[in-house]
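The values are calculated or read from the model by the stated rules, or taken from the named source; none is laboratory data. It should be emphasised that the depicted structure is a prediction, and the values quoted were computed from it without experimental measurement. Cβ: placed from backbone, ideal geometry, glycine included. Neighbour counts: every protein chain shown. For the accessible areas, the whole protein counts, side chains as well, though only heavy atoms, and no ligand, DNA or RNA atoms are used. Shrake-Rupley method; radii C 1.70, N 1.55, O 1.52, S 1.80 Å.
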Amino acid sequence: MATAVRNYAQLARDILEEIGGEENLSSFSRCATRLRLIIKSIPEHAAERIKSMPGVITVIISGGQFQVVVGTHVSDLYQEMSQLVDQNKLNDTGSKQSVINAMIATMSAIFAPIIYVLASAGILQGLLILAKLAAPSFEHTSTYSILNFMSWTPFTFLPIFIAVTASKHFKCNPYIAVLCCAALINPEWGKMAAQIAQGHPMTFLFFPLAKTVYTASVLPPIFLVWLLSYLQHYLERVLPNIISTLFSPLLCMVIMVPLTLVLIGPITTDAAMWIAHGYNWLYDAFPPLAAAIIGGFWQVIVIFGIHWGITPVVFANYAVYGHDSFQAYQTIAVIAQMAAAFACAMRTRNKLFRATALSAGVTGIFGITEPAIYGVTLRLKKPFICGCIGGALGAIVTSLFGSYYYVFAGLPGILTMVNAISSTNPMSFIGELAGAACAIVTTFILIYSVGFDDPKSANESDKSASAPLSTSPKPAAIATSADASQPFTLLSPAQGQLIALTQVNDDGFSQKMLGDGIAIYPSEGQIIAPCDAIVMSVIDSQHAVGLICDNGAELLIHVGLDTVKLNGQHFNTRVAVGDSVKAGDLLIEFDLSVIANSGYDLTTPFIILNSDDYQLDQLTTETATFAQPLMQLSEKHISQTHISQVELSQVQLSQS
């Protein structure tokens, strides 16, 4: 869960290390929920190791990108990665992508940083629509005029926004890129294009000029900056240093702006129009089919992170027709997945999972569905399919009303449905509402009908799993809810010889980098819960588990040293993330003799990750037995000395 990590600097360092360092990284960017890396060669097990890091929801390898999904905290992670790596110094040598993958990566890198700017402007336009409906006279006020041109500003000057993000992606001078793209939307060119459209031909030298205007354009500025990157680097190589600083921007502008007006602009604009015409042909021929495809499969496309590729088509529709049906159906798909998260929250009996599902559903309200997909619906499989079916049926209903979006939505969702309001097409908004209602109701009915495998708490699972420990005493002092101000007792999670943490043959543990605690050399192949707790982390290699106690103490029980190399062999974790466990419940079973005979040190550190918040008192020495009181935690006061300096975000179980 992304909220489990606060130190994103450490997470960025760990991710960079796992992918092979800066020398193996070609470029990186971000979208609303993902850090997108283009890696020259993906190291073995890198995806699994990064996926197991606290704060990472999942890892997707798609579209030529290594995508680390972290949710809405991605901006924090991206900023920290930018502090570690200078994109301008990255070397693309050895990084090869197909044309399609390169196009998708480019669209993502260009639009992800500005999507919230476009979304905020779209929301303002939606609010103005509602204001006009509530008070028609408001449209004729100067206040409305100011708010209206504010809402259109990022679209009017979109080529400049693209110049900034594209120059970063293509690694060229951002100021030269802005200069060239700003020239495209100079009002003087708008006047000239209008004259050309009226039948007055114009030329640059002897090359005819097209009537294309570039406000709110997408492909022309992207291709301009792409070619500019080659031209700029060429000029910097051939021009003497003494004149390069002045003449490189001059030559770039003199070459690229006319080249775009004469050739690049008209060709790329026509290409976007033809793609848009292709989609609109399907829509015109059979609207319900187009709607079902978008409503049913849009979230599948989101899974693989290739959804940015449709952006030029959407903008082309707005530019040519003044409206777009794609985003109208896309909204229904988003709403259906949001509804699936809420339905799971209502149906589950697992309190922690309910909180996760509710949080993901709320995020979906704002048009971001990755937390719902990766954290809830896709994890349970059936709810994701139910959401896709609900999205398809809802979109079909919307298509029957002839609904469109009349304002671009940066993050389509339930809040942007007002973008379907139009005085010339009053049924548009009604259709959007009807489709959304159909998607929500259908999704809820399907999820409640087919159900899903509800994540169970450990005490609800197979009782036989903890049968060998049934005779272990569970002290009555261990309550289900603890007062952090009162001393809190931790039981021994293992049976065996006690070892001082400073004697553990691993610097991460012995130097208490991860926190204070104790170590046990086990004599039995079982690990039990040392208190009532929630399971916060279980990694794929099954050799460690993270818990959070009722009093807020965060625990790590790590079976053996370097046992991650066993990749889960000889281990059997009996709990899952989100499970509620009682003191004495079985957490992990492992084949002690086989692991020891394989040459692994079975010393098991038992760490309090946030030990700087507590005073630790060891209650027993030399040996430990199952469920025996082992340590007592007392809340620290200012006058007490810190036992250790620890940051939870430095815990990287997959590397231990």
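Computed with a 1.4 Å probe over protein heavy atoms only, the accessible area of residue 354 comes to about 80 Å². Rounded to 0.05, the FRET efficiency of the residue 134 and residue 612 pair, given R0 = 56 Å and the Cβ-Cβ distance, is 0.55.
Ranking request for peptides 316-325, 129-138, 494-503: highest mean number of other beta-carbon atoms within 10 Å first, then the rest in descending order. Can you show the working numbers first?
Details: 316-325: 20.4, 129-138: 12.4, 494-503: 17.0.
Going by the mean number of other Cβ atoms within 10 Å, highest first, we get 316-325, 494-503, 129-138.
Within the shell of other residues whose beta carbon sits under 13 angstrom from the beta carbon of residue 603, the net charge comes to -3, with Lys and Arg scored +1 and Asp and Glu -1. The simple spin-label model puts a point 7 Å past each Cα toward its Cβ; for residue 274 and residue 206 those points are separated by 2.8 nm. About its Cα centre, the dipole of the chain is roughly 1900 debye, where the only charges are +1 on Lys and Arg Cβ and -1 on Asp and Glu Cβ. The stretch between residue 237 and residue 267, if pulled fully straight at 0.36 nm per residue, gains 7.9 nm over its current Cα-Cα span.
Considering only 330, 386, 508, and ranking their Cα positions along the charge dipole of the chain that arises from unit charges at the beta-carbon of Lys, Arg, Asp and Glu, the one farthest toward the positive end is 330.
Of 453, 540, 617, the residue with the largest accessible area leads and the full order is 453, 540, 617 (1.4 Å probe). Quantify, in whole percent, the carbon and sulfur part of the accessible surface of segment 176-219 (1.4 Å probe; protein heavy atoms only). Its accessible area is 68 percent carbon and sulfur atoms. Full extension of the chain between residue 572 and residue 441 gives 43.2 nm of extra length, using 0.36 nm per residue less the Cα-Cα distance.
Pairs 51/381; 171/565; 351/382; 382/582; 351/565; 351/381: which exceed 28 Å Cα-Cα? As for pairs spanning more than 28 Å Cα to Cα, those are 171/565; 382/582; 351/565.
Placing a label point 7 Å from the Cα of residue 510 along the Cα-to-Cβ direction, the residues of segment 530-564 whose backbone N falls under 17 Å of that point are 560-563.
Summarising the label geometry, the points placed 7 Å from Cα in the beta-carbon direction at residue 148 and residue 99 lie 4.3 nm from one another.
Take the alpha-carbon centre of segment 163-233, take the same for segment 359-434, and report the distance between them in whole Å. The two parts, judged by their Cα centres, are 35 Å apart.
Once each of the GluC sites (Glu not before Pro) sitting in a DSSP loop with at most 11 other beta-carbon atoms within 10 Å is removed, the chain keeps 45-621 as its longest stretch. Among the chymotrypsin sites (Phe, Trp or Tyr not before Pro) in segment 220-315, those placed in a DSSP loop whose Cβ has at most 15 other Cβ atoms within 10 Å are 304. The length gained on full extension between residue 175 and residue 625, counted as 0.36 nm times the residue separation minus their Cα-Cα distance, comes to 155.2 nm.
Take the Cα of residue 79, go 7 Å toward its beta carbon, and the backbone nitrogen atoms of segment 8-48 under 20 Å from that spot belong to 8-16, 28-37.
Based solely on its DSSP helices, what 222 nm [θ] is calculated for the chain when runs of n ≥ 4 H residues each add -39,500 (n - 2.57) and the sum is averaged over all residues, nearest 500 deg cm²/dmol? Can you show the working numbers first?
On the way: 20 runs with 289 residues, N = 656.
Mean residue ellipticity, 222 nm, calculated: -14500 deg cm²/dmol.
Probe radius 1.4 Å, ligands and nucleic acids ignored: give me the carbon and sulfur share of the accessible area of segment 547-623 as a rounded percent.
Values: 1110 of 2760 Å².
Carbon with sulfur: 40 percent of the solvent-accessible area.
State whether segment 350-393 is rounded, prolate or oblate according to the following rule on the C-alpha gyration tensor (a ≥ b ≥ c being the square roots of its eigenvalues): a/c under 1.5 gives rounded; otherwise a/b larger than b/c gives prolate, and the remaining case gives oblate. Numbers along the way, then the final one.
Details: a/c = 2.17, a/b = 1.30, b/c = 1.67.
Because a/c hits 1.5 or more and a/b fails to exceed b/c, segment 350-393 counts as oblate.
Residue 50: net charge of surrounding residues, Cβ under 15 Å, Lys/Arg +1, Asp/Glu -1, itself excluded? Could the numbers behind the result be given before it?
Numbers: positive: 13, 34, 36, 49, 51; negative: 14, 17, 18, 44, 48, 80, 540.
It works out to a net charge of -2.
Hydrophobic, long helices, defined as DSSP H runs whose alpha-carbon span along the helix axis is 24 Å or greater and whose mean Kyte-Doolittle value is at least 1.6, occur in the chain at 115-134, 241-259, 287-303, 427-450.
At a 1.4 Å probe radius, which order do 417, 513, 346 fall into by accessible area, largest first? Mind dumping the intermediate values first?
On the way: 417 15, 513 85, 346 125 Å².
The ordering from most to least exposed comes out as 346, 513, 417.
In square angstrom, what is the accessible area per residue of the chain with a 1.4 angstrom probe?
43
Cβ under 13 Å from residue 147's Cβ, residue 147 left aside: what net charge do those residues give with Lys, Arg +1 and Asp, Glu -1? My count for the surroundings of residue 147 gives 0.
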